[in-house]
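Asker: Structure in structure tokens, see below.
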Amino acid sequence: MLSIFKLSMMGIFAFIWDNLKFLMQCMKMQSFWCWLQFLGLEKVTSPKNSVIQNSPGVIPTSVNYHFTRQCNYKCGFCFHTAKTSFVLPLEEAKKGLHLLKVAGMEKINFSGGEPFLQDRGNFVGKMVQFCKQELKLPSVSIVSNGSLITERWFKTYGEYLDILAVSCDSFDEEVNKLIGRGQGQRNHVEKLMQIRKWCQEYNVAFKINSVINRFNMDEDMTNELTRINPIRWKVFQCLIIEGENCGEDALRQAEKFIISNEEFNNFLSRHKNIKCLVPESNKQMRDSYLILDEYMRFLDCRKGRKDPSKSILDVGVENAIKFSGFDEKMFFKRGGKYVWSKADLKLDW
């Protein structure tokens, strides 16, 4: 009789468990697991062995969305080249951005190609506004070569932008021309300084990105960086990606730009007193970014090339991100998470 009663109770508890399993996982009621096991339900899986506990998945805290590959510059080391001219319709892009927000995204960075080429900057401006106004993301940023940015853009969209990063590899215009960072008679450094002024006027944090390569590795940028005083100076070691800037199908051949680890470290040592310097060697950079391409596919760079996942618009963020090759530990190690909302930044102009 006792054994029948025990079997009945086990059936009841199994039924309750089947219906409340999701609730119990969300509430993380560890003591409830122990209580069930005490009553004899040995087959109940403990939290330590559950799939959800062991494989929580990658949270896309910070995402880099390269929504266009088109660019008006021809930087010889570029590792995201104009292999297609495709750009998602704005409403489709917004759907993907919403999916990322639901999955845990806190920061979005719009990049290219050159983000301001599409619709004279209005396309990226509308996405910036959507991410800040509708999705209420803590941080929205853009990386640009700066050549097409206007004050009118700041007047329209500046309030929604936290950080603007301008790529600048040298403060010597002749070096910029050798690299390919320029167009016609435009002076890249002069435009950089103009944009820095607009960022101050419209309360946008200003950042500089520099790729250290064969042509600028001996330069001393201390005086210029001290005078400009960006919130961050990202210093990258020139990176080779098969199919992008090396190999038969590549649009760039960057072998002549690459430098050794020792040469990169020498550049860093020369600038060690620049407080805002954030260095990224090839090892730190390769797998520590969540990169979405123009089709909203995550790009896996672990094999030295960019292998795409399926689009998050087709399979969702959770399924696509499994194929991103993202190294979350390296992301935090390289300082990927920082004070990135201008509401929290003390902009010392």
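Asker: Which of the residues belonging to the range 58-85 are outside any loop (DSSP other than H, G, I, E, B) and either over 21 Å from L148 (Cβ atoms) or β-branched (V, I, T) (or both)?
Answerer: Within the range 58-85, S62, V63 meet the criteria.
Asker: I would also like to ask the following. Please work out which residue is nearest to the chain's Cα centre (by Cα), limiting yourself to the range 263-300 and to residues that are closer than 20 Å to T222 by Cβ and open to solvent by 70 Å² or more (accessible area, probe 1.4 Å).
Answerer: Out of the qualifying residues, it is K275.
Asker: Do any helices (runs of 4 or more DSSP H) lying entirely in the range 254-349 carry at least 1 residues that are at pLDDT 95 or above, and which ones are they?
Answerer: Result: 261-270, 312-321.
Asker: When the range 44-96 is examined, which residues are found to be touching a Phe, Trp or Tyr at 6+ places or on another chain (Cβ under 7 Å), more than 30 Å from Q253 (Cα to Cα) and at pLDDT 90 or above?
Answerer: Correct list: L90, A93, K94.
Asker: Another question, then. Of the residues that sit in the range 88-108 and are assigned to a helix (DSSP H, G or I) and without any contact (Cβ under 8 Å) to a residue 60 or more places away in the chain, which one is most open to solvent (accessible area, probe 1.4 Å)?
Answerer: Among those residues, the one meeting the criterion is E91.
Asker: Same structure, new question: Which of the helices (runs of 4 or more DSSP H) contained wholly in the range 109-215 include at least 3 residues that are of a type in the set (A, V, I, L, M, F, W, C)?
Answerer: 122-129, 173-179, 188-201
Asker: Does the range 314-331 contain any residue that is farther than 21 Å from C78 by Cβ, open to solvent by less than 40 Å² (accessible area, probe 1.4 Å), touching a residue at least 12 places away in the same chain (Cβ under 8 Å) and of a type in the set (V, I, T)?
Answerer: Within the range 314-331 (the criterion being farther than 21 Å from C78 by Cβ, open to solvent by less than 40 Å² (accessible area, probe 1.4 Å), touching a residue at least 12 places away in the same chain (Cβ under 8 Å) and of a type in the set (V, I, T)), the answer is yes, since at least one residue qualifies.
Asker: Please find, among L117, L135, the residue that is within 16 Å of S341 (Cβ to Cβ), open to solvent by 10 Å² or more (accessible area, probe 1.4 Å) and either touching a residue at least 40 places away in the same chain (Cβ under 8 Å) or of a type in the set (A, V, I, L, M) (or both).
Answerer: Exactly one residue qualifies, and that residue is L135.
Asker: Given the criteria touching a strand residue (DSSP E or B) at 6+ places or on another chain (Cβ under 8 Å) and open to solvent by 30 Å² or more (accessible area, probe 1.4 Å), does R305 qualify?
Answerer: Yes; evaluated as a whole, the condition is true for this residue.
Asker: Right, next: Take V189 and tell me if it is surrounded by fewer than 22 Cβ atoms within 10 Å (Cβ to Cβ), in contact with a Phe, Trp or Tyr (Cβ under 9 Å, 6 or more places away or on another chain) and over 26 Å from E134 (Cβ atoms).
Answerer: When the stated conditions are applied, V189 passes them.
Asker: State whether the residues of the range 148-170 include one that is surrounded by fewer than 21 Cβ atoms within 10 Å (Cβ to Cβ), in contact (Cβ under 8 Å) with a residue 60 or more places away in the chain and either out of contact with any Cys (no Cβ under 6 Å at 6 or more places or on another chain) or hydroxyl-bearing (S, T, Y) (or both).
Answerer: Within the range 148-170, one or more residues are surrounded by fewer than 21 Cβ atoms within 10 Å (Cβ to Cβ), in contact (Cβ under 8 Å) with a residue 60 or more places away in the chain and either out of contact with any Cys (no Cβ under 6 Å at 6 or more places or on another chain) or hydroxyl-bearing (S, T, Y) (or both).
Asker: Would you confirm whether any residue within the range 209-218 is within 21 Å of C75 (Cα to Cα), surrounded by fewer than 18 Cβ atoms within 10 Å (Cβ to Cβ) and either charged (D, E, K, R) or within 25 Å of the chain's Cα centre (by Cα) (or both)?
Answerer: yes
The values are calculated or read from the model by the stated rules, or taken from the named source; none is laboratory data. For clarity, every value in this text was computed on a predicted model and none was experimentally measured. Every residue, glycine among them, receives a Cβ derived from its backbone with ideal geometry; neighbour counts consider all protein chains shown. We work out accessible area using only protein heavy atoms, side chains counted, and drop any ligands, DNA or RNA first. Shrake-Rupley method; radii C 1.70, N 1.55, O 1.52, S 1.80 Å.
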